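**Q** Mind having a look at this structure? Questions to follow.
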């Protein structure tokens, strides 16, 4: 009986099989590594094509990565990577792109210039050099003032005071003199300052000035011609100063206030108010007057003489001794209180008045 006898492997066959199996495993590893490398290379190729290729050259649909057979029997080791795919010819790009050409701007023809010769010297006539620099404006009120255009002396106007239309306000400014004023000034206020002396030139050429208010200063002297030359002056307020006399005033006056001064009777001109046909208010209280100024205009409505040194009244002070029927109707407000006079002793002096004066009767 014949039997099958197992053939034992020779020691020479074992290493051969092991080597073959080892080579097969290495080949499989090499295939998988190559597939991964190609996969990465294709992705980079696709990215570079998107970035570098001109529009319309790259067709992404041709790269179907899902249909690539990476596990097939393809001989990956025989693939020449240098010849894979079609290389893009970038030299053709320069021919495909048409560069527009902009026409150069038209040439500008400059007019011919007369170029002087190199030794030409132009003669220039310079203005004469001033012999003396102009003096800076004075900051005091003795000379040119600090106001604006068109003043009485042609000086600048309203740099210190407030000008509103034709009114100038210099109240509470610590000024020691009347500043130059614009020619058009109608109302001037310089109350509560430190003015001591009013000069004739302070209001020169101010022909439209109607009201001057210098209340609350330290005025002790006023030049005689200061106000007389003002053709439109109507209101003069000099209260709360140190005046001992009044200068001559224009006949256009309608309101005079000189209370709280040191006025004496000999400091007021005789018949100083006689020709003032528009005078309605005369305030001379708190002074040192010895008698009532006389004569007074018929238009007068208010006369305040309280707290003076008046001791008597003349019969013609308010009335007309030659006309017993005379009645002085406009004069309704007379203040004589605070004086030594006893009014009951001088009844004939105020019998023509519509109202009795205010003052001491006994």
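**Q** If you scan the stretch 256-268, which residues turn out to be closer than 23 Å to residue 186 by Cα and free of Cβ contacts under 8 Å to residues at least 40 places away in the same chain?
**A** Result: 256, 258.
**Q** What number of residues within the stretch 326-362 are touching a helix residue (DSSP H, G or I) at 6+ places or on another chain (Cβ under 7 Å) and either exposed (fewer than 15 other Cβ atoms within 10 Å of the Cβ) or more than 13 Å from residue 292 (Cβ to Cβ) (or both)? Give the steps one after another, and end with the answer.
**A** Within the stretch 326-362, the subset touching a helix residue (DSSP H, G or I) at 6+ places or on another chain (Cβ under 7 Å) is 336, 357, 359-362.
Still in the running and either exposed (fewer than 15 other Cβ atoms within 10 Å of the Cβ) or more than 13 Å from residue 292 (Cβ to Cβ) (or both): 360-362.
Result for the stretch 326-362: 3.
**Q** Regarding residue 198, is this residue modelled with pLDDT of 55 or more and touching a helix residue (DSSP H, G or I) at 6+ places or on another chain (Cβ under 8 Å)?
**A** So residue 198 fails the test.
**Q** Next question, about the same structure. Please find, within the stretch 161-181, the residue that is surrounded by the most Cβ atoms within 10 Å (Cβ to Cβ) out of those that are touching a strand residue (DSSP E or B) at 6+ places or on another chain (Cβ under 8 Å) and over 24 Å from residue 221 (Cα atoms).
**A** So the residue we want is 163.
**Q** Suppose we filter 309, 287 for residues that are over 23 Å from residue 255 (Cβ atoms) and out of contact with any helix residue (DSSP H, G or I) (no Cβ under 6 Å at 6 or more places or on another chain); which single one remains?
**A** Every option except 309 fails the conditions.
**Q** Does residue 185 meet the test of being touching a strand residue (DSSP E or B) at 6+ places or on another chain (Cβ under 6 Å) and over 26 Å from residue 299 (Cβ atoms)?
**A** Answer is yes for this residue.
**Q** Would you check which residues across the stretch 253-287 are surrounded by fewer than 18 Cβ atoms within 10 Å (Cβ to Cβ) and in a strand (DSSP E or B) and list them?
**A** Matches in the stretch 253-287: 255, 264, 281.
**Q** Please state which one of 220, 245 is farther than 23 Å from residue 172 by Cα, modelled with pLDDT of 95 or more and touching a strand residue (DSSP E or B) at 6+ places or on another chain (Cβ under 9 Å).
**A** Working: 220 fails: farther than 23 Å from residue 172 by Cα.
Of 220, 245, the one residue that is farther than 23 Å from residue 172 by Cα, modelled with pLDDT of 95 or more and touching a strand residue (DSSP E or B) at 6+ places or on another chain (Cβ under 9 Å) is 245.
**Q** Answer with yes or no whether residue 119 is more than 23 Å from residue 223 (Cα to Cα), assigned to a loop (DSSP other than H, G, I, E, B), at pLDDT 90 or above and out of contact with any helix residue (DSSP H, G or I) (no Cβ under 9 Å at 6 or more places or on another chain).
**A** So residue 119 fails the test.
**Q** Any residue that is within 27 Å of residue 277 (Cβ to Cβ) and touching a strand residue (DSSP E or B) at 6+ places or on another chain (Cβ under 8 Å) - is there at least one of those in the stretch 193-204? Reasoning before the result, please.
**A** Of the residues in the stretch 193-204, the ones within 27 Å of residue 277 (Cβ to Cβ) are 198, 200, 202-204.
Now drop any that are not touching a strand residue (DSSP E or B) at 6+ places or on another chain (Cβ under 8 Å), which leaves 198, 203.
Yes.
**Q** Quick one: residue 237 ticks every box in (1) at pLDDT below 95; (2) in contact with a strand residue (DSSP E or B) (Cβ under 6 Å, 6 or more places away or on another chain) bar one, so which box is it?
**A** Of everything listed in (1) at pLDDT below 95; (2) in contact with a strand residue (DSSP E or B) (Cβ under 6 Å, 6 or more places away or on another chain), residue 237 misses just condition (1).
**Q** To continue, here is another question. Mind checking whether some residue in the stretch 302-319 is in a loop (DSSP other than H, G, I, E, B), crowded, with 17+ Cβ neighbours inside 10 Å, touching a residue at least 12 places away in the same chain (Cβ under 8 Å) and at positive phi?
**A** yes
The values are calculated or read from the model by the stated rules, or taken from the named source; none is laboratory data. Here the structure is a predicted model, which means the values were calculated and not measured. Here the Cβ is made from the backbone with ideal geometry for all residues, glycine too, and neighbour counts use every protein chain on show.
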